[in-house]
Amino acid sequence: ETGVTQSPTHLIKTRGQQVTLRCSSQSGHNTVSWYQQALGQGPQFIFQYYREEENGRGNFPPRFSGLQFPNYSSELNVNALELDDSALYLCASSLETGFQETQYFGPGTRLLVL
Amino acid sequence: DAKTTQPNSMESNEEEPVHLPCNHSTISGTDYIHWYRQLPSQGPEYVIHGLTSNVNNRMASLAIAEDRKSSTLILHRATLRDAAVYYCILRGTGTASKLTFGTGTRLQVTL
């Protein structure tokens, strides 16, 4: 059984650019959640996708957007990058959404915005 | 979401038990208590969860106070591999099963 994988592992961008981060969910999981983790802080929920539809969103602006594909892999897109977007971006998959499902996290993509 | 309070850091000797406390005085009746941990340079991983009764699994035990306003994660014999940030999280039954992380407790384990 393959775990959650994310690509790339590291990325450097400049302010104003756009970035796409990718996540492959664990086999059989139809729900993907994205989190942003700033240095020294706990992860913050960005949004969740369930069967290709957005299923909840945290306190992030619209320039953070996402997609989920029929194979349940997912992308996180961030437009008009700002310096404060520098963080570790984590993807987590789960078997279903809702009732206390365990979320399985990938190793993250570390984004640096200069 | 109800808030949790944890100590910023704790230390333990290897092979000894560790008790990691969490206060959640505003917990609602339908909130479950989850624990995740994040090892260095990794994403968080699930440890354990419970509602009212104490819970045990191969990784740890969860002791929940009778009034549910606090809980304790117990690692029975800490190893160096248990050095991580431990997060206590309350999860309700909303439509999006998000995890609301605080800053957690950084556990150091020494020989």
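None of the figures in this text is laboratory data; all of them are computed from the coordinates on show. On a predicted model such as this, the values are computed, not experimentally measured, just so you know. Counting neighbours? That spans all protein chains shown, and the Cβs are built from the backbone with ideal geometry, glycine included.
For the range B:37-51, what are the residues that are assigned to a loop (DSSP other than H, G, I, E, B) and facing chain A (nearest Cβ under 10 Å)?
Of everything in the range B:37-51, those that are assigned to a loop (DSSP other than H, G, I, E, B) and facing chain A (nearest Cβ under 10 Å) turn out to be B:Ser41, B:Gln42, B:Gly43, B:Pro44, B:Leu51.
Could you please give the count of residues in the range A:66-92 that are of a type in the set (Gly, Ala, Ser) and either within 11 Å of chain B (Cβ to nearest Cβ) or farther than 14 Å from A:Trp34 by Cβ (or both)?
Residues flagged as of a type in the set (Gly, Ala, Ser) and either within 11 Å of chain B (Cβ to nearest Cβ) or farther than 14 Å from A:Trp34 by Cβ (or both) within the range A:66-92 amount to 3.
Failed condition for A:Glu53, given (1) closer than 24 Å to B:Gln38 by Cα; (2) more than 12 Å from the chain's Cα centre (by Cα), with all others met?
(1)
Would you confirm whether or not the range B:41-50 contains a residue that is aliphatic (A, V, I, L, M), more than 12 Å from the chain's Cα centre (by Cα) and surrounded by 18 or more Cβ atoms within 10 Å (Cβ to Cβ)?
There is no residue in the range B:41-50 that is aliphatic (A, V, I, L, M), more than 12 Å from the chain's Cα centre (by Cα) and surrounded by 18 or more Cβ atoms within 10 Å (Cβ to Cβ).
Could you please let me know if A:Phe99 is of a type in the set (A, V, I, L, M, F, W, C), touching a strand residue (DSSP E or B) at 6+ places or on another chain (Cβ under 8 Å) and within 25 Å of B:Val85 (Cα to Cα)?
For A:Phe99, the condition - of a type in the set (A, V, I, L, M, F, W, C), touching a strand residue (DSSP E or B) at 6+ places or on another chain (Cβ under 8 Å) and within 25 Å of B:Val85 (Cα to Cα) - is not met.
If we scan the range B:93-101, do we find a residue that is more than 24 Å from A:Gly3 (Cβ to Cβ) and in contact (Cβ under 8 Å) with a residue 12 or more places away in the chain?
Scanning the range B:93-101 turns up at least one residue that is more than 24 Å from A:Gly3 (Cβ to Cβ) and in contact (Cβ under 8 Å) with a residue 12 or more places away in the chain.
Filter the range B:9-33 down to the residues that are assigned to a loop (DSSP other than H, G, I, E, B), in contact with a strand residue (DSSP E or B) (Cβ under 7 Å, 6 or more places away or on another chain) and over 18 Å from B:Lys98 (Cα atoms) and list them by number.
Correct list: B:Glu14, B:Pro17.
So which residues in the range B:56-104 are crowded, with 16+ Cβ neighbours inside 10 Å, of a type in the set (Val, Ile, Thr) and farther than 12 Å from B:Val18 by Cα?
B:Ile64, B:Val85, B:Ile89, B:Thr100
Can you name every residue in the range A:57-83 that is in contact (Cβ under 8 Å) with a residue 40 or more places away in the chain and either surrounded by 15 or more Cβ atoms within 10 Å (Cβ to Cβ) or over 13 Å from the mean Cα position of the chain (by Cα) (or both)?
Hits for the range A:57-83 are A:Tyr72, A:Ser73, A:Ser74, A:Glu75, A:Leu76, A:Val78, A:Asn79, A:Ala80, A:Leu81, A:Glu82, A:Leu83.
Test of understanding: among B:Leu90, B:Leu62, B:Leu75, which residue is within 14 Å of the chain's Cα centre (by Cα) and within 28 Å of A:Gly56 (Cα to Cα)?
B:Leu90
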